[in-house]
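A short worksheet on the structure shown next.
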Amino acid sequence: MKVNRRYIASGLMIGFLLLVAHVYVSLHSTDLKPYERDIHTSPGVSGRDGQNIEYKVSSESLTNYSMDIVLDSSSHTLSGTLILDYVNTEDIDIGELFFHLYPNASVNEDVPGYLLVDNVKTKDLGQDLDFGFGNQLLNITLPQALLPGESFSLYMEFETAITNNDSFRLNFKDDPSLGLVYALCNYYPILAVYDEQGWNLEPQYFVGDPYYSDIANYYVNLTVPSDFKVAASGELLGEDPEVNNQIEYEFRMLNARDFSFAISPDYIVEQETFRSIPVSVYYLPRDAGNWTLTAMDITLYSLDLFSDLYGEYPYTSFSVATTFGFYGGMDWPGIVWIQSGYRWFETGIAHEVAHQWFYAVVGNDQIDEGFLDEGIVCYCHWYYFENRYNYMGFFEEHLYRTAETSNETRYPAGLVINRSINYILENDIDGSHYWEAAYHKAPSVLHLLRTYIGDANFFDALERFYTQYSFQIATFNDLIDCFNYYIDINWFLPWFNEGFIPEVELVAAQLENTTLSGYNLSLTLKQTGLSVYPTKVPFLIDVEGSSMDELIWVWCNSSTPTNIQFQFDKKPTTVEIDTTSGYLYSLNLLEMEPFTVQDNRNSHSITDTTDTDPTSSSTSWVMVSPLIISLLILIARNDRRKK
Ligand SMILES: [Zn+2]
């Protein structure tokens, strides 16, 4: 099986970009307040109280993975058996099962990784089953098709070789000065998802995260050398007495999408409880300077914050472990990995903890809609810093970064959030597009949405998304439905679906029709960019004799100049853009110098076109906007084709 080097390069570039992104952030994060240990000060939005989520699917009706695995630390291999009690939860007959063999993405490395499967039989070992391989896949033909609700149990043996190439997530590194760590994910055959598109059989790509799996129950026994410390997805149920310097541990995790480990003889371990759940942090001596007590504190704060915001953390244990990799951090159910030595580990921990809510509990197809969990989760780690330190730097800098990268000179094809990994690969688009769209533009656009619809609607919708889709697979449309439950945001969708952000130009600011009771300020705005759709621009008005600028928000929904008027008691003198209010500004407005208001009081040439707020149901905008937007998109596309 050949590994496409181009994808590896993309993967490395993504990792590099991730590092660069965090360098960018950290430069502006040096004045954060010191850590506070008191985490039980209700960090959530006031009045918000975490809910218990429902297990909509009883764990008794789920597929079970029962595995016995032995780690051989001399050959860096795992040998294992898997008994799969498969339940057909689809509404069609299933005659064949597909499993991802992700480690086979690394068969051509200097130290190759691979996953071999053999002896596929019925669970009672009485009957051999037909099976085959291809493109990181195993397929098994069932003796007869299963009707919906029927189950079938099978047995297989597998061997997994672990590469030492840390551009793969499944890896080991044995460095005399740093330590030995095994980072184990997707080391076993993992069932592919059957959905409305059929079987999802994409291999491990090197753009984005490739994982997409259904909820299942895991019962995992792992044997390791007795001096190794094991961080696992699930809770530790027990351990057997040491035999030949080996110990077998017994773990369990219900309602999980995966079961991962981080294993090292060198780990320093800290343990605490969060709402009666054991929480553990595992780190190498090189990380002790930063991590001692602090990493646990960040972890507990994050668990507390997101539980209050969205609903309770539902699993029975949680662990954070340092590993060697390219990624900064990686999320798995019940465990997250942070790259050892990673300077921005606070961002990393907050981010990966948030993935427990969005990815682990509310699942999504990371190939089709990778921006969905990453966009929300990046927003969560920005919010962590807002909530904990009142630090808004992530918002300000990333809004600017998004404005820059949505500029046609940086991404001529446009930076579209709502795009699949397959689209990126099939159209030979650089992987950095995915990174920018999912990790920067998506949370920036979510922040813009929050400024438009308010905190209550915004966080209620995310809470609803979590409680409604827990332990299921959710889509972007499901998220939009959750927002629409509280407030119509269909008019906002171009921000996710279009490549460029609106460029707004302030054409004129004039005093007109001055009345006896005050001054009438007339602003004329238009959109000039390739994408034209609803945007609301914050302006600061300097008013004569007043020490405070007045903030006004102005909708600008059109590429034709639109005039809006405001009444002031005192004379307005200058107009400038407010860059601190969460607006996803276009670059031309950002670079605008304060605009002096011209006194044009004798003019009577006022155009009476009141621009309208698309969120107001009393206006006709909502009715006409789809037509206008379609027309404008068409015009914009034609324009682009001409270029
Ligand atoms: Zn993430």
note = Restricting attention to the stretch 540-555, the residues that are surrounded by 21 or more Cβ atoms within 10 Å (Cβ to Cβ) and either of a type in the set (Ser, Thr, Tyr) or within 15 Å of LEU584 (Cβ to Cβ) (or both) number exactly 1
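What are the residues in the stretch 186-225 that are at positive phi and within 16 Å of the ligand (Cβ to nearest atom), if any? Spell out how you get there, then give the answer.
Of the stretch 186-225, the ones at positive phi are 186, 198, 208.
Matches in the stretch 186-225: GLY208 only.
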message = Take ASP240 and tell me if it is closer than 25 Å to ASN104 by Cβ and either surrounded by fewer than 23 Cβ atoms within 10 Å (Cβ to Cβ) or within 16 Å of the ligand (Cβ to nearest atom) (or both).
response = no
ask   = Only one residue in ALA183, ALA231 is under 24 Å from PHE324 (Cα atoms), under 22 Å from the mean Cα position of the chain (by Cα) and in a strand (DSSP E or B), so which one is that?
value = ALA183
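Considering LEU530, LEU511, LEU525, which residue is outside the structural domain of ALA442 (by TED's automatic domain parsing) and touching a Cys at 6+ places or on another chain (Cβ under 7 Å)? It would help to see each step written out before you state the result.
Numbers: LEU530 fails: touching a Cys at 6+ places or on another chain (Cβ under 7 Å); LEU511 fails: touching a Cys at 6+ places or on another chain (Cβ under 7 Å).
When all the criteria are applied, what remains is LEU525.
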request  = Could you list all residues from the stretch 67-76 that are buried (at least 18 other Cβ atoms within 10 Å of the Cβ) and under 19 Å from ILE190 (Cβ atoms)?
outcome  = MET67, ILE69, LEU71
ask   = Would it be correct to say that LEU540 is under 30 Å from ASP373 (Cβ atoms), free of Cβ contacts under 8 Å to residues at least 60 places away in the same chain and not charged (D, E, K, R)?
value = no
ask   = Just to be sure, is LEU201 surrounded by fewer than 24 Cβ atoms within 10 Å (Cβ to Cβ) and farther than 28 Å from LEU293 by Cβ?
value = yes
query = within 18 Å of GLY329 (Cα to Cα) and away from the ligand (no atom under 16 Å from the Cβ): does that describe PHE228?
reply = no
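Would you point out the residue of the stretch 250-281, among those that are assigned to a loop (DSSP other than H, G, I, E, B) and of a type in the set (S, T, N, Q), that is farthest from VAL353 (Cα to Cα)?
Taking the stretch 250-281 first, the residues assigned to a loop (DSSP other than H, G, I, E, B) are 257-260, 265-267, 275-276.
Filter again for of a type in the set (S, T, N, Q), leaving 260, 276.
Numbers: SER260: 15, SER276: 17 Å.
Applying the filter and picking the extreme gives SER276.
Kindly indicate whether any position in the stretch 208-225 is free of Cβ contacts under 8 Å to residues at least 40 places away in the same chain and in contact with a strand residue (DSSP E or B) (Cβ under 6 Å, 6 or more places away or on another chain).
No - not one qualifying residue is present in the stretch 208-225.
Just to check your reading of the model, which residue among TYR384, TYR391 is among the hydroxyl-bearing types (Ser, Thr, Tyr) and within 26 Å of ILE577 (Cα to Cα)?
Criteria check complete, one pass: TYR391.
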inquiry  = Looking at the stretch 433-462 only, could you name the residues that are more than 16 Å from the ligand (Cβ to nearest atom) and small (Gly, Ala, Ser)?
reply    = GLY454, ALA456, ALA461
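Take ASN245 and decide whether it is surrounded by 15 or more Cβ atoms within 10 Å (Cβ to Cβ) and touching a residue at least 12 places away in the same chain (Cβ under 8 Å).
Working: surrounded by 15 or more Cβ atoms within 10 Å (Cβ to Cβ): no; touching a residue at least 12 places away in the same chain (Cβ under 8 Å): yes.
So ASN245 fails the test.
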Conditions (1) out of contact with any strand residue (DSSP E or B) (no Cβ under 7 Å at 6 or more places or on another chain); (2) farther than 28 Å from ALA413 by Cβ; number of the one not met by ALA509 = (1)
request  = Check off (1) without any contact (Cβ under 8 Å) to a residue 60 or more places away in the chain; (2) within 16 Å of the ligand (Cβ to nearest atom); (3) in contact with a Lys or Arg (Cβ under 9 Å, 6 or more places away or on another chain) for ILE417 and give me the number that stays unchecked.
outcome  = (1)
Matching residues, the stretch 393-414, being free of Cβ contacts under 8 Å to residues at least 40 places away in the same chain and under 20 Å from the mean Cα position of the chain (by Cα) = THR405
request  = Inspect all residues belonging to the stretch 181-188 and state whether any of them is in contact with a helix residue (DSSP H, G or I) (Cβ under 8 Å, 6 or more places away or on another chain), over 19 Å from ILE83 (Cα atoms) and of a type in the set (S, T, N, Q).
outcome  = no
note = The residue that is nearest to the chain's Cα centre (by Cα), considering only those in the stretch 267-280 that are within 15 Å of THR292 (Cβ to Cβ) and in contact (Cβ under 8 Å) with a residue 40 or more places away in the chain, is SER280
ask   = How about the stretch 186-199: which of its residues are in contact with a Leu (Cβ under 7 Å, 6 or more places away or on another chain) and either among the β-branched types (Val, Ile, Thr) or assigned to a strand (DSSP E or B) (or both)?
value = LEU191
ask   = Which condition breaks for PHE168 when tested against (1) closer than 24 Å to ILE263 by Cβ; (2) buried (at least 19 other Cβ atoms within 10 Å of the Cβ); (3) of a type outside the set (A, V, I, L, M); (4) modelled with pLDDT of 95 or more?
value = (4)
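The values are calculated or read from the model by the stated rules, or taken from the named source; none is laboratory data. Treat the numbers as computed from the prediction; the structure is a model and nothing was measured. Neighbour counts run over all protein chains shown; Cβ positions are idealised from the backbone, glycine included.
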